[in-house]
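Engineer: First the structure, which I've put down as structure tokens, then a few questions once you've had a look.
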Amino acid sequence: GIGADNDLYINQAIVFIEDAIQYRSINHRMDSKSLWLYRWYYSRTCQWILSLTITVILALAFIEKPSSLTVTSDVRYRLPAWNPPCGLTESIELLCFLVFVVDVSVKSYLVGWEEFWKNKWLMAYILTLIVSLTDWIVSLSFFCTETVRIRRILRPFFLLQNSSMMKKTLKSINSTLPEMASVVLLLAVHLSLFTMFAMLLFARTKDGQQDKEWVAYFRNLPDSLTSLLVLLTTANNPDVMIPAYSKNRAYSIFFILFTVLGNLFLMNLLTAIIYNQFRGYLLKSVQSSLFRRRLGIRAAFEVLSSLKEAPANAQQSCVSVGALQQVLQKVEMDSRCKQAIVRSLKTCSCDQLSAAQFQKLFEELDKDAIKQHPPSPEYQSQFMQKMQFAFGHPYFGYLGNVVALANIVSICVVLVMDADKQPSERDDFFLGAINCFFILYYLLEMVLKILAMGLKRYLSYPSNRFDGLLTVILLILEIATFAVYGFPHPGWRPEFMGLLSLWDMVRLVNMLIVFRFLRIIPNMKFMALVVTTLLDLVKNLRAFAGILVVVFYAFAITGIMLFQGAVVPMGNISVINTTYNNGTQQCGTYEQLEYWPNNFDDFAENFDFMALFGHFEVEIIYCLIYLLSVNLICRWAKIYFVAWWLISSVIWVNLFVALLLENFIHKWDRRCHRESLSDIEYQRTVELMFRDVLEEPTEEELMEKLLQHPHLQLCR
């Protein structure tokens, strides 16, 4: 009947608007049961269960054999880890797989058979589940004794397919690869040519004493390539050139040319290409997100204009204000946006909305989130008004910054004076006294600011919340110190009593005071710009961080399968190769640097190792040298580490630089066009970052796409 049709149109409009808010595709089933299932699937509870399942299945690697449940990863001191009995983690895994089967089944049903065959992610999801379940059955057949588990490497896919932003980022990276490949190929040519030059330049001679460069770095083609590849990261510079340089200083020309061409030109050219290409593809991706939002809103308009209560004689489609209000009551959206749309509807004098008016209402979704600070209290007393003016003035904040700086300087002076003293010789009277004075000042400052601004306005500023929290913690610590050790007096020395000694308490207070000095950041405009850029970047970095976790996870699992047990404490083959005749270890070797905790024996250590190697390869590169010295895994290790270096240090770091530059340039360009940041705070997303350069889709484009909808029959 008419009522049932109207209810269906209302529900369709609700779902379309929610799709628009979340930038989701609208190409899904539109009948009543499917709409109920669709909203249930995207409800917070279902999505929370799915996220929890993904977290659990990824976390299983920490307790599966080889378990990470040990205090230390150092192979010299590590005790045998507890390994779960066969069937325990497998049962948890099976439950996770069942949730994923339900997930993929619901998704496949909702998009429909026609869309299913176009959706590569869904097909890959099903294939991953089939391979994982097959591997799970094989594991149980072997009573969990098999060493290679393919499903562990596939687990990050579940995280990847669940995030639309991660998929877009991955698509952008994939589109950037051809341009990156040209520079990587140029790097390979550069590396190959210099490797041949090096092998000719540092060839073996009759004089053994003159062959140190050949013996250490250029004995054969693989060693030569490896030495120069590591030099490209500057990790073995200047070690790699010292033997040749000590023989003849002219040899330095070879290494200077290699480093300048490789590091200064080619690596920076790669950064420029990645920034240029990735920005273009990310912009294209965000443009498609905007199109999805406009399409969802237009689809909601079209179904609402089909309601039977719409005037029959209208020359063009329109939607009644009452119908939209009815939809807005049921739509799950940000309360700020909903209130703004409702306010706009109340101020609207017309009863019917055209397509343009309808779309304009929902432009509220695209606007910056603006946070207005509450007003200050209004005092009647003239004295209180003067107090409010004095302690609410920016100069009072500057005075607080000067006091905080004086506190830091006094702590530095005391630390320098006490640096070489034994704990028994240290007198903490002066440090305790100045801490007491400064903490009392911080408390007074907080109370006066609350008096001047009012509690709500005071707490509305993040810098004040930061200040206030640290001040309260410092006060509690100071009271606890006085309660245990008494008030500061000459000869006030550390005594070990209870959980923390006096020195520990004083150190903790001083660390918090140093941390509190960060309060100066909002008062320095350029520094505040840099910090807000970084904070915005952290908010928008979830997709990048997710992809990085996927890569870390896959490489960590692969590392366990390839190199588990390769690092053996003293007495293995590498010790023989890295010791002098007198038994002492060569400087810079794995053993001499005591890198024993960096190994591939469990997932937690391998994951940490990946993170360190990806960003601090100067410190960790000797682990690579160590692994290459183990003949049995030499080839695998080279391929593994070169692949890791290319993905993490070359590609991912440059992508991060691209996003950082884009975010900073955007903020820098807009800094003069905004109001003062004192009373208004703006929060931006990736979509809003590109808002100024995005093109609005035309009505023809929207209607053409809507008419192609596989499950929606429009009246026109």
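The values are calculated or read from the model by the stated rules, or taken from the named source; none is laboratory data. Not measured: the values here are computed from a predicted model. Using ideal geometry, Cβ is built from the backbone for each residue, glycine included, and neighbour counts are taken over all protein chains shown. For accessibility, only protein heavy atoms count, side chains too; no ligands or nucleic acids. Shrake-Rupley method; radii C 1.70, N 1.55, O 1.52, S 1.80 Å.
Engineer: Roll a 1.4 Å probe over the protein heavy atoms and report the accessible area of THR55 in Å², nearest 10.
Structural biologist: Rounded to the nearest 10, that gives 90 Å².
Engineer: Express in Å², to the nearest 10, the accessible area of ASP239 obtained by rolling a 1.4 Å probe over the protein heavy atoms while all chains stay in place.
Structural biologist: Surface accessible to solvent at ASP239 totals approximately 70 Å².
Engineer: Another question, then. Counting other C-beta atoms within 10 Å, and keeping those with at most 16, which DSSP coil chymotrypsin sites (Phe, Trp or Tyr not before Pro) do you find in region 1-59?
Structural biologist: TYR42
Engineer: Could you give the alpha-carbon Rg of region 172-285 over 2.2 N^0.38 Å, rounded to two decimals?
Structural biologist: Normalised by 2.2 N^0.38 Å, the Cα Rg of region 172-285 equals 1.31.
Engineer: Express the relative contact order of region 1-89 as a whole percentage, based on alpha carbon pairs under 8 Å and six or more residues apart in sequence.
Structural biologist: 16 percent
Engineer: From largest to smallest, what semi-axes in whole angstrom does region 339-478 give when each is the square root of 5 times an eigenvalue of its alpha carbon gyration tensor?
Structural biologist: 50, 21, 11
Engineer: I've got another one for you. Kindly give the semi-axes, whole Å and largest first, of the ellipsoid equivalent to region 172-230, taking each as the square root of 5 times a Cα gyration tensor eigenvalue.
Structural biologist: Working through the eigenvalues yields semi-axes of 33, 10, 6 Å.
Engineer: Residues with amide H under 5 Å of LEU353's amide H, sequence separation 5 or more or different chain, H placed in the peptide plane at 1.01 Å from N; which?
Structural biologist: VAL319, SER320, VAL321
Engineer: What is the local net charge at PHE157, summed over the other residues whose Cβ is closer than 12 Å to its Cβ (Lys, Arg +1; Asp, Glu -1)?
Structural biologist: +4
Engineer: Do the alpha carbons of any pairs in LYS167/LYS284; LYS120/LYS360; LYS118/LYS167; LYS338/LYS360; LYS167/LYS638 sit beyond 24 Å of each other, and which pairs?
Structural biologist: With Cα atoms farther than 24 Å apart: LYS120/LYS360; LYS167/LYS638.
Engineer: A follow-up question, please. What are the semi-axes of the equivalent ellipsoid for region 43-162, taken as the square roots of 5 times the Cα gyration tensor eigenvalues, largest first, in whole Å?
Structural biologist: After scaling each eigenvalue by five and taking roots: 32, 16, 12 Å.
Engineer: Any chance you could tell me what percent of the C-alpha pair distances in region 136-189 go past 14 Å?
Structural biologist: 71 percent
Engineer: Next up: Give me the distance in nm between label points sitting 7 Å out from Cα along the Cα-to-Cβ direction at VAL568 and GLU700, one decimal.
Structural biologist: 7.4 nm
Engineer: Averaged over every viewing direction, what's the projected area of the C-alpha convex hull for region 321-394? Give it in nm², one decimal, please.
Structural biologist: 8.2 nm²
Engineer: Please give the length that would be gained between ARG39 and VAL653 if that part of the chain were fully extended, namely 0.36 nm times their separation in residues minus their C-alpha to C-alpha distance (nm, one decimal).
Structural biologist: Result for the pair: 217.2 nm of gain on full extension.
Engineer: Using a 1.4 Å probe on the protein heavy atoms only, what accessible surface does MET241 show? Give it in Å² to the nearest 10.
Structural biologist: 30 Å²
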